[in-house]
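The structure under discussion appears below in the form of structure tokens.
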Amino acid sequence: MTDPQLVLAEGVQRALAAAFGPEYAAEDPLIRPSQFADYQANVAMSLARRLGRAPREVAQAIADNIDIPGTVEISGPGFVNLTLSDGWLAAQAAEQLADDRLGVPVETPATVVVDYSAPNAAKEMHVGHLRTTVVGDALVRVQAHLGHRVIRQNHLGDWGTPFGMLIEHLLDMGEAAAVAQLEAGEGNPYYQAARAKFDSDPAFNERARARVVTLQAEDPETMRLWHIFMNATIRYFNKVYTELGVTLTDDDIAGESMYNHMLAQVCDELESRGIAVISDGALCVFPPGFTGREGQPLPFMIRKSDGGYGYATTDLATIRYRIQDLKADRIIYVIGVTQSLHLQMLFASARLAGWLPDEVRAEHVQIGSVLGSDGKMFKTRAGKSIKLLELLEEAETRAAAVLVDRDYDEATRAEIGHAVGMGAVKYADLSVSHDSEYVFDFDRMLALTGNTGPYLQYATARIRSIFRRGGFDPAEPHGPIVIGHPAERALALQLLGFGAVVAEVGEANAPHKLCAYLFDLASAFTTFYENCPVLKADSEEDRQSRLALAALTLRVLVQGLDLLGIEVPERM
RNA sequence: GCGCCCUUAGCUCAGCCGGAUAGAGCAUCGGACUUCUAAUCCGACGGUCGGGGGUUCGAAUCCCUCAGGGCGCGCCA
């Protein structure tokens, strides 16, 4: 199949070349969706001045020279309204149905490193952390589907000074008890207990500080304890990932500890090359363009005056590793907005060092903060924190509760509840732009009406129901597609836009655009569903055509939801 | 003080590579199940796009400025 916007753009470009000369063949025809036609080209108005002609005159010249599978109309100050023919739309939809990729392009393969999730083992993990995980996983799925070599990097917070007290607390508790607590997702109380002792018990405090030293020195016994702590914590993370259907595995873990042995070399190299200098006893890079309070250069500190390393050092080692060892062409950091300045300075410093060449894209997908009901950011000391697994279980329970009057057995209900509950939670994070902050709200996340995951899943369940009732298989060929009713036309037109949307989501790291597209598609299908009986169509031709449209809609919805990481139950 | 982000309908948000009458969901009100799943659909109501200025044939969109809010800014990560 062919992307309608592409066909129209090329058609307008050929018309421009024919009317005004070949130098206009590459002009952007400014194709936009239109309320008066399928699409409109706005190029006549922008070009009029350069051509020294009236906009309507330019539009007329385009219309006179254009050759597209549809009709052209000029209106207003110079809009070129483009309407595709029903026959062409039907033929393209049929091609899309026959296409395994449903019109999604295969891009020139690149190596895309995606840094996401990255929970911190030494801090509380709250609902806000779900968001980077869910958004990152959707981006990963989209990049992979577009044909790229995707490397997931789960940059766990698994190293640093807090681990001294965490390990000492593990010794106090006993290894088995500590592991049990951590695996159960009680990382918060564990951390808080350790912290309380660290603050109030001088002897513990001293042990913890000493433990940091042996940890940095990679003393075998300390490392053994560290592994016990981390393995239990990772098992809990994996429970959350499994429940959510996140594609991260242990193979994707590349935590801070992994870069520990590279830090000294990073500093030495930057210092010897004069890129980093000593300032107030600390080793700093001063990337150009960054200024602080008094207008003085802003430091990117890579070695503290006490000789210790911070996350700036780790992140530099990380970016170098991703480019030199992983051969990244593009690095996507799915990390909170609060890290914005840090990442800007990281990228600038890495470019300065030559580790991040111009041709490698480094992007920060800023994830908006999730706020408490008081409208403020979550803090470690904040009282009631909801355990992630309990949140997810509640989502499933609520989703399953809607199914009480359906005639499903308990196992089926639980299965549907799982898919719908997880879909609801994930869609809530994906359907708004990633950088907007929002107040955490159970009801909002779990609402099953409106522009939500369940609405989209429900559309697929209704389509499957049609096939089930008719004794047909959506995977078998149906058709040919014939467009009669306006709802059929609108549905076909919407379906054809799938490939372009997926490509745009990959380019702009914007899964919410895929959500918007799928919601529009589900709406278009529902209108079709209300107006165009499939099984009881007036003729066999109509029935075959509508079965084909329904099958195509099902496949696009399922594929689109899969790219978002949302499962689709067979029935609801 | 500097930097980044935000301010669109009662609420939550799209739209912001400039284009025609600014959209959707929720909420509210009124309709639609003898008809393929009503977790649905149709209709109504609802907006000085924070204020002001500029660029433009045309600005929610680009630029400047002011106000309000958030986040960050050398030894936590």
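Rounded to the nearest 20, the size of the Cβ-charge dipole of segment A:321-437 about its Cα centre is 620 debye, with Lys and Arg at +1 and Asp and Glu at -1. Once backbone amide H atoms are built at 1.01 Å from N, A:Ile335 has A:Val365, A:Ile367 as its partners under 5 Å, excluding neighbours fewer than 5 places away on the same chain.
Annotation: amide H of A:Ile151 within the under-5 Å range of A:Val112, A:Val113, A:Val114, sequence separation 5 or more or interchain, hydrogens built in the peptide plane. Within the shell defined by Cβ-Cβ distances under 9 Å, the residues around A:Gly157 carry a net charge of -1, with Lys and Arg each +1 and Asp and Glu each -1.
For Cα pairs less than 8 Å apart in space and 6+ apart in sequence, what is the mean separation divided by the residue count of chain A, i.e. the relative contact order in percent? Display every interim value, and only then the final one.
Numbers: 916 pairs, mean separation 86.5, N = 572.
About 15 percent, as a whole number.
Segment A:251-288 and segment A:492-512 have Cα centres spaced 40 Å apart.
What dipole magnitude, in Debye to the nearest 20, does chain A give about its Cα centre under +1 on Lys/Arg Cβ and -1 on Asp/Glu Cβ? List each step's numbers first, then the result.
Values: 51 positive and 76 negative charges, 175 e Å.
Value, rounded to 20: 840 debye.
Along the axis of the charge dipole computed for segment A:65-201 (Cβ charges of +1 for Lys and Arg, -1 for Asp and Glu, origin at the Cα centre), the listed residues A:Gly164, A:Gly128, A:Asn188 are led at the positive end by A:Gly164.
Note down the net charge around A:Ser436, summing +1 for each Lys or Arg and -1 for each Asp or Glu among other residues with Cβ under 12 Å from its Cβ.
Net charge in that neighbourhood comes out at -2.
Cα centroid separation, segment A:385-449 to segment A:186-233: 36 Å.
So what is the calculated 222 nm ellipticity per residue for chain A, using -39500 (n - 2.57) for each DSSP H run with n of 4 or more, over all residues, to the nearest 500 deg cm²/dmol?
-17500 deg cm²/dmol
Checking the table A:Lys304/A:Lys426; A:Lys327/A:Lys513; A:Lys376/A:Lys426; A:Lys327/A:Lys387 against a 32 Å threshold on Cα-Cα, which pairs fail?
Numbers: A:Lys304/A:Lys426 40 Å; A:Lys327/A:Lys513 29 Å; A:Lys376/A:Lys426 22 Å; A:Lys327/A:Lys387 38 Å.
Result: A:Lys304/A:Lys426; A:Lys327/A:Lys387 exceed 32 Å.
How much length, in nm to one decimal, is gained on full extension between A:Ser436 and A:Ala54, taken as 0.36 nm per residue of separation minus their Cα-Cα distance? Spell out each step's value before the answer.
On the way: separation 382, 0.36 × 382 = 137.52 nm, distance 4.27 nm.
So the extension gain works out to 133.3 nm.
Amide H contacts of A:Asn120 (H built 1.01 Å from N, in plane; Pro and chain starts excluded): A:Gly157 sit under 5 Å, all sequence-distant by 5 or more or on other chains.
Dipole check for segment A:162-232: with +1 at the C-beta of Lys and Arg, -1 at the C-beta of Asp and Glu, and the Cα centre as origin, the magnitude is about 120 Debye. Take the Cβ-Cβ distance between A:Thr242 and A:Lys327 as r, set R0 to 41 Å, and report the resulting FRET efficiency rounded to the nearest 0.05. About 0.85, to the nearest 0.05.
No value in this document is a laboratory result; all are computed from the given coordinates. As the structure is a prediction and not an experimental result, all values here were calculated from the model. Note: ideal-geometry Cβ built from the backbone for every residue, glycine included; neighbour counts use all protein chains shown.
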